[in-house]
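Asker: A single structure is presented below for examination.
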Amino acid sequence: MSNLDKHLNIDDLRIAAKRRAHRMVFDYIDGGADDEITLGRNTTAFDDYDLMFKVLAGADNIDMSTTLLGEKIDVPFFASPAAGHRLFHTDGERGVAKAADKTGTVFSLSTLSSVSIEEIAALTSGPKWFQLYVWKDRGLVKEMMDRAREAGYKALILTVDFPIAGNRERDPRNGFSIPPKLGIKQAWHALMAPAWSLDYVIRPSVKYANLSEDTAAVSLQDFVYEQFDAGFNWRDAEWLLGEWNGPAVIKGVVRPDDARQAVDLGFDAVMVSNHGGRQLDRSPAPVHVLESIVDAIGADAEVILDGGVRRGTDILIALALGAKAVGFARPFLYGLAAAGEAGANRAMHILTNELRRDMVLLGIDRIGNVNRSLVERRTER
Ligand SMILES: Cc1cc2nc3c(=O)[nH]c(=O)nc-3n(C[C@H](O)[C@H](O)[C@H](O)COP(=O)(O)O)c2cc1C
């Protein structure tokens, strides 16, 4: 058994990440906004559902593949976008992109990635989506879209739940910034995380690879506060769709009316998400609002659930409620922070294996056969 094989589930990887990473880095991944109510509920909300398994279904030849925006993927899940992977481990986005490719699924690159759009595009042949934050500087936005299109990213993800940064209190308590500044407290925590610290000091440091040196000279928070455009609205989204002129996903929707409006405007997929509980606390868990959004959209666009997925059974609940696929970030970020590319691979492997086993147990051999009859919302019995 290799060391990584001892991590049997995503929570084991979380504990391993906590052990290896600098405290401010682990908390940046792990934390959420305000009282972290939404962060916690994103996952516990799956407890409100029962999977109604079929017996004697003869499900022994499992096929987990599906399509997403017309592209075949081997599993009904993919890597959601996350900023600055290099901060967690030197393998950074390269490690996660390779793990997604190995799993046969989509890798999404964040606007705020630490490896460039072009380098990730050239690294693997697997499908890639580019996630866009909208800056006040629309020239920069257009330039990013042009670069992503040119580099062959198949779809654009427009993140709309981030008009301003959420109130993540763990970060200022830890003195967190990107790039990290090391005061006495941070230096002390660095001593307690020697593997992370060594890797951080001797390898190339974290940078915003898609931004020019001038833009990146300020800390992430400063940049975010200065550049995020809280005035961005539906008309601007229409402009953006016209500029991109390709498959587009709207990320960070929890209301059926917003989902409907997005589809009417031309988005091809809706990511039901609250940014992993990092933005508006007390916003609903994606799984709780999923069905109402599926009903509002019908067959007009694909619906993706993103947030709180930690088990194969979570994936099956989301699919049974009508999602085409699920996205997640912390599972592979814990893996990356614990052991680089191998850890990200381990996260993908754990969820793939759990899903395969759970499909046999559910009595379903094809993803296309997962349907509403397989899940029931729990009532007190
Ligand atoms: C450390 C971290 C950084 C993130 N950065 C981004 C980002 O740059 N762009 C974005 O659209 N979402 C970002 N997200 C949100 C994820 O894409 C995703 O919506 C969320 O993490 C899903 O919840 P999960 O972590 O429980 O799977 C980030 C999440 C985390 C944990």
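Asker: Being aliphatic (A, V, I, L, M), farther than 20 Å from Gly327 by Cα, buried (at least 16 other Cβ atoms within 10 Å of the Cβ) and in contact (Cβ under 8 Å) with a residue 40 or more places away in the chain, is that true of even one residue in region 35-50?
Answerer: No, there is no match, as no residue in region 35-50 is aliphatic (A, V, I, L, M), farther than 20 Å from Gly327 by Cα, buried (at least 16 other Cβ atoms within 10 Å of the Cβ) and in contact (Cβ under 8 Å) with a residue 40 or more places away in the chain.
Asker: Look at region 153-178 and say how many of its residues are away from the ligand (no atom under 12 Å from the Cβ) and either of a type in the set (Lys, Arg) or farther than 27 Å from Lys142 by Cβ (or both).
Answerer: Residues flagged as away from the ligand (no atom under 12 Å from the Cβ) and either of a type in the set (Lys, Arg) or farther than 27 Å from Lys142 by Cβ (or both) within region 153-178 amount to 8.
Asker: Follow-up. In region 299-326, which residue that is β-branched (Val, Ile, Thr) and more than 14 Å from the ligand (Cβ to nearest atom) is surrounded by the most Cβ atoms within 10 Å (Cβ to Cβ)?
Answerer: Ile317
Asker: Also, quick follow-up: Within region 66-76, does at least one residue satisfy the condition of being of a type in the set (Lys, Arg) and surrounded by 21 or more Cβ atoms within 10 Å (Cβ to Cβ)?
Answerer: no
Asker: Can Leu290 be described as modelled with pLDDT of 95 or more, at negative phi and outside any loop (DSSP other than H, G, I, E, B)?
Answerer: For Leu290, the condition - modelled with pLDDT of 95 or more, at negative phi and outside any loop (DSSP other than H, G, I, E, B) - is met.
Asker: While we're here: Count, please, the residues in region 217-256 that happen to be surrounded by 19 or more Cβ atoms within 10 Å (Cβ to Cβ), at pLDDT below 95 and more than 17 Å from Ala83 (Cβ to Cβ).
Answerer: Adding up the residues that qualify gives 1.
Asker: So which of Asn274, Asn345 is touching a residue at least 60 places away in the same chain (Cβ under 8 Å), away from the ligand (no atom under 16 Å from the Cβ) and closer than 25 Å to Phe26 by Cβ?
Answerer: Exactly one of Asn274, Asn345 is touching a residue at least 60 places away in the same chain (Cβ under 8 Å), away from the ligand (no atom under 16 Å from the Cβ) and closer than 25 Å to Phe26 by Cβ, namely Asn345.
Asker: Identify the residue in region 10-65 that is on the phi > 0 side of the Ramachandran plot and not charged (D, E, K, R) and, among all such residues, is modelled with the lowest pLDDT.
Answerer: Gly58
Asker: When region 244-286 is examined, which residues are found to be within 13 Å of the chain's Cα centre (by Cα) and part of a loop (DSSP other than H, G, I, E, B)?
Answerer: Ser273, Asn274, Arg278, listed by residue number.
Asker: Residue check, Arg255 against (1) of a type outside the set (Ser, Thr, Tyr); (2) within 15 Å of the ligand (Cβ to nearest atom); (3) within 17 Å of Ala45 (Cβ to Cβ), all met but one. Which one?
Answerer: Failed condition: (2).
Asker: Please enumerate the residues belonging to region 8-23 that are without any contact (Cβ under 8 Å) to a residue 40 or more places away in the chain and under 20 Å from Lys181 (Cα atoms).
Answerer: Of everything in region 8-23, just one residue is without any contact (Cβ under 8 Å) to a residue 40 or more places away in the chain and under 20 Å from Lys181 (Cα atoms), namely Lys18.
Asker: What number of residues in region 170-192 are touching a Gly at 6+ places or on another chain (Cβ under 8 Å) and either of a type in the set (D, E, K, R) or free of Cβ contacts under 8 Å to residues at least 12 places away in the same chain (or both)?
Answerer: 5
Asker: Cβ-Cβ under 6 Å, sequence separation 6+ or interchain: first residue in region 150-169 and within 13 Å of Val106 (Cβ to Cβ), partner more than 14 Å from the ligand (Cβ to nearest atom) and assigned to a loop (DSSP other than H, G, I, E, B). Which pairs?
Answerer: Lys154/Pro127; Ala155/Leu69; Ala155/Pro247
Asker: Taking the stated definitions as given, is Arg357 among the charged types (D, E, K, R), more than 11 Å from the ligand (Cβ to nearest atom) and more than 30 Å from Arg20 (Cβ to Cβ)?
Answerer: Spelling it out, it is not the case that Arg357 is among the charged types (D, E, K, R), more than 11 Å from the ligand (Cβ to nearest atom) and more than 30 Å from Arg20 (Cβ to Cβ).
Asker: Let me ask you something else. For region 75-127, give me each residue that is more than 12 Å from the ligand (Cβ to nearest atom), part of a loop (DSSP other than H, G, I, E, B) and closer than 16 Å to Gly343 by Cα.
Answerer: His89, Thr90, Asp91
Asker: Can you tell me which of Ala337, Ala342, Ala296 is assigned to a helix (DSSP H, G or I) and buried (at least 24 other Cβ atoms within 10 Å of the Cβ)?
Answerer: Matching residue, one of Ala337, Ala342, Ala296: Ala337.
The values are calculated or read from the model by the stated rules, or taken from the named source; none is laboratory data. In this text the structure is predicted, and so the values were computed from the model without any measurement. A quick note on method: Cβ atoms are made from the backbone with ideal geometry, for glycine too, and the neighbour counts reach across all protein chains shown.
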